[in-house]
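The values are calculated or read from the model by the stated rules, or taken from the named source; none is laboratory data. Predicted, not measured: the structure shown is a model, and the values here were computed from it. Cβ placement follows ideal geometry from the backbone for every residue including glycine, while neighbour counts extend to all protein chains displayed.
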Amino acid sequence: MSEDFDIFDILIGKESDKDYKKKPIIIQGITGSYGSTHTRLMKAYGSNIVAGVTPGKEGQNFEGTPVYNSVSKAVKTSGAKISGVFVPANFFLDAAKEALDNGIKLLIAIPEHIPIKDSIKILEYAQVQGAKIIGPNTPGVIVPEIMKVGIMPVQPFKAGNVVVLSRSGTLMYEVSYILTRAGYGQKLCIGIGGDPINGTNLVEAFNMVSDREDVESIVVVGEIGGDSEEQLADYLLRTKFAKPVVAYIAGRFAPKEKRMGHAGAIIYGNYGSADSKVSNFAKADVPVAKRPSDIPELLSKKLGD
């Protein structure tokens, strides 16, 4: 699949388009307690939720949003290319495959603890279909003051030109709030996802936003475990990435060789450790904040403010 996937175009369209800020979204699992709660909040924020999908519930509506038995019918009646998936983990594979089979190009996978074999299958299937998956176990994506697909609170976010890419959901909110208070609004915030397999990793997320003129800088919120930050540092070095990048690594003081939190964050020797990630970022000229509150100062220095 092409690396120039335009997530902004999928989410909100181009400013010259008549559909700017009105891209249609369907919600799979809309009638469940989780899906209905967050659909209400997404609609209140301005997201264009046009249809929901719950097998056996066709003919119902959720606060004015029609519900269908199938993604096929929801897409046919709405033209949606975006789906927010709120189904239980054991139903995720079938729900995601149905979405991709019926023209969904951006699938936001909210549920956690998806079986690894299911995540691998659906990631391979999405690549064949030319689609992108955010998650699983993601808080979602938000274009501040325009729309969101996910479960994040909206208070921390303010429109601006910083992109926040985060492996941690709650830290995405905290870091965005810190940036907002310091006067750095956000253009887009993406929760990479906390499960071991990510539909979109950090490098892929960079490829989706790096060439946009309205993106001034990028803040990466990483954490111990895995090698996604090391891969990103290598990518920045290889591509001679020019825009300012600042990072924060959660879990610096976690004990080694002990499973910590989500994403199977386990460290063996130096592999996946905070030291490894900080060292690699240093080679790529990416300063790493010791505390989230240090991020605005580091960003200011990189921007020359």
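Brief remarks follow.
- Scanning region 218-249 for residues that are in contact with an Asp or Glu (Cβ under 9 Å, 6 or more places away or on another chain), among the acidic types (Asp, Glu) and outside any helix (DSSP H, G or I) yields a total of 1.
- Some residue of region 80-92 being in contact with a Leu (Cβ under 7 Å, 6 or more places away or on another chain) and among the polar types (S, T, N, Q): yes
- Checking LEU179 against (1) surrounded by 18 or more Cβ atoms within 10 Å (Cβ to Cβ); (2) closer than 26 Å to SER33 by Cα, the condition it does not meet: (2)
- Residues of region 151-170 satisfying the condition of being within 13 Å of the chain's Cα centre (by Cα) and surrounded by fewer than 24 Cβ atoms within 10 Å (Cβ to Cβ): ILE151, SER168, GLY169, THR170
- Residue satisfying all of: in region 62-79; among the hydrophobic types (A, V, I, L, M, F, W, C) and in contact with a helix residue (DSSP H, G or I) (Cβ under 7 Å, 6 or more places away or on another chain); surrounded by the most Cβ atoms within 10 Å (Cβ to Cβ) among these: VAL71
- For TYR20, the criteria (1) buried (at least 17 other Cβ atoms within 10 Å of the Cβ); (2) in a loop (DSSP other than H, G, I, E, B); (3) free of Cβ contacts under 8 Å to residues at least 24 places away in the same chain hold in every case but one, which is (1).
- Filtered residue count, region 269-289, keeping only those that are free of Cβ contacts under 8 Å to residues at least 24 places away in the same chain and on the phi < 0 side of the Ramachandran plot: 4
- Total residues in region 115-150, condition surrounded by fewer than 19 Cβ atoms within 10 Å (Cβ to Cβ), closer than 18 Å to PRO88 by Cβ and β-branched (Val, Ile, Thr): 1
- Single residue of region 170-193 satisfying the filter (of a type in the set (Gly, Ala, Ser) and in contact with a Ser or Thr (Cβ under 7 Å, 6 or more places away or on another chain)) that is nearest to GLY225 (Cα to Cα): GLY193
- Each residue in region 40-87 was checked for being within 19 Å of the chain's Cα centre (by Cα) and not charged (D, E, K, R), and 14 pass.
- Considering region 219-235, and only residues there that are farther than 12 Å from ALA247 by Cβ and crowded, with 24+ Cβ neighbours inside 10 Å, the residue that is modelled with the lowest pLDDT turns out to be GLY225.
- The helices (runs of 4 or more DSSP H) falling completely within region 77-196 that include 1 or more residues that are among the hydroxyl-bearing types (Ser, Thr, Tyr) and in contact with a strand residue (DSSP E or B) (Cβ under 9 Å, 6 or more places away or on another chain) map to 116-129, 169-181.
- Those residues of region 1-17 which are exposed (fewer than 15 other Cβ atoms within 10 Å of the Cβ) and in a helix (DSSP H, G or I), in sequence order: ASP9
- Selection from region 258-293 of residues that are of a type in the set (Lys, Arg), assigned to a loop (DSSP other than H, G, I, E, B) and modelled with pLDDT of 85 or more: LYS290, ARG291
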